[in-house]
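We did not get these values from a lab; they are worked out from the coordinates using the rules stated. Just so we're clear, the structure is a prediction, and the values are computed from it rather than from any experiment. Neighbour counts run over all protein chains shown; Cβ positions are idealised from the backbone, glycine included.
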Amino acid sequence: MYSSSIIGSTQTILDDFKLDGMMIRYSQFVPRLYNFCLSLGMEAGKIMPSRAFCSDESQGFPIILLAKQFGAFPFNHGRVGGIVSTDRHGPHATHGQDMMIIQASHVGYEPENQEFGVYRRIQTHDCHHSTNCGKISGTLKWYLDEYHFACENIFLEQNNNGQYQVSINNLLLHEDREEGLLLELEKIIAFDHNGKAELVRSLSTARCFKASNELIEQLKISKDDWPTGGGRAIGSLLTPELFKFRRQLNSEIEGAAQLEKNLIGAMPLIVTHPAPALAAAQILTQVEFDRTYRTIINEPGYNNRNLLFISGLHIDISPREDQIFPLTKFVPWAAYIQKTDGSHVILEQQELFDALIALDVQNDQQIDLEKEIQVMEETEEVQISYDFLSKK
Ligand SMILES: [Zn+2]
């Protein structure tokens, strides 16, 4: 099955997910999130928090803070990459009176060189860095490789008469490929009035066409970029409008391919972004909010319940060698709020940020995890009885 998404045609998608001025330090976000729940009419001690985070250990600090502030260990609603397991709504609904679900995809950030997509793994023998989110980065690799091949195998050149030409590797011209980067040829090469591509010459492994006026206009580059006497690789001038991807994806709902299904339509934007791992995590958060919200409103167990579903991005600040946890930042994206009378509303990014920031950062009901662990350690041990087995 070929997967595509209308989202890929929305060039503003990343611009609409603002990072500037939207980041909240996690330790100051979770108490506000708890107070937000109370402000919506939820009852202290009766809220069942749930999280849909990646399995990465870098997501542990947020989970610990959720347990501390909500006084309950959060239900696990997540799959690798921050995909929501929507088939777990029913069980979650039975575990508490009021419902809070938080979804977040994540990206690492190394402050030393201001790089997104990497994270120091303190438990490795030499504390080296690796990709973060590893699942997202692993998924992106095939698309980035395909894109870089195209960047290096499409050439711009100018003939002696000043005509702009574009040479394209034959592999990129096979439009019936089951998988690969597909060029939007009508935007790249000129076609005559009969709809036939204006072929200039055939080379051994490529074909040379007259460039389309749209390409010439779109690139808006100097004559030096259309050199004479030889081609110049198109490189980063291969912009998202000029190609798309096709890939065989498993049609299994929410299986391993869900993350890739969420991203494939927006991949041209992601692979041309200066920080692909960041762009992918943002888009994943956006798609997961939309997808999950539609399953929540159709879940009978959530009917007429106080419920908050919030999505955002985790930016995991790579820890120094002397730090146990990352200084994670939360960037809110959107929230769905539902009340027991059936009324509901969606808050967009700015409204959600403003609502959170307006709340008190103090939470008097937070628990002392060390003390609670000590209580459990000191409580008289319960002996498990097997007597019923012998009575059978
Ligand atoms: Zn991850």
Using 0.36 nm times the number of residues separating GLN362 and ASP387, minus their current alpha carbon distance, what extension gain do you get?
4.1 nm
Would you order TYR143, TYR119 from fewest to most other beta-carbon atoms within 10 Å of each residue's own beta-carbon?
TYR143, TYR119
Give me, ordered by chain and number, the residues 5 or more places off THR340 or on other chains with an amide H under 5 Å from its own placed amide H.
ASN306
Stokes-Einstein at 20 °C, 1.002 mPa s, Kirkwood radius from Cα pairs: D for region 144-246 in µm² s⁻¹?
156
Computed from the beta carbon distance with a Förster radius of 51 Å, FRET efficiency for VAL345 and LEU173 to the nearest 0.05 stands at 0.55
Could you put GLU370, GLU299 in order, starting from the residue whose Cβ has the fewest other Cβ atoms within 10 Å?
GLU370, GLU299
Which of LYS371/LYS391; LYS220/LYS261; LYS141/LYS329 have a Cα-Cα distance over 29 Å?
LYS371/LYS391; LYS220/LYS261
Expected unfolding gain across ASP192-SER55 under the 0.36 nm per residue rule, minus the alpha-carbon gap, is 43.9 nm
How much length is gained if the chain between GLN323 and ILE64 is pulled fully straight, taking 0.36 nm per residue apart and subtracting their Cα-Cα distance, in nm to one decimal?
91.7 nm
Neighbour net charge for VAL331 - beta-carbon separation under 15 angstrom, K R +1, D E -1
-4
May I ask you to sort ILE101, ILE367 by Cβ crowding, counting other Cβ atoms within 10 Å and putting the fewest first?
ILE367, ILE101
Could you identify which residue out of THR295, THR285, THR124 has the top mean-square fluctuation in a GNM of the chain using Cα springs shorter than 10 Å?
THR124
Between THR228 and ASN298, what's the calculated FRET efficiency when r is the beta-carbon distance and R0 is 51 Å? Round to 0.05.
0.25
Longest to shortest principal axis, alpha-carbon extents of the chain, angstrom:
90, 55, 49
The answer for GLY81, listing residues at least 5 apart or on another chain whose modeled amide H is closer than 5 Å to its amide H, is CYS54, SER55, ASP56
Quickly work out the LEU203-to-SER85 label distance, labels modelled 7 Å from Cα along the C-beta direction, and quote it in nm with one decimal.
5.2
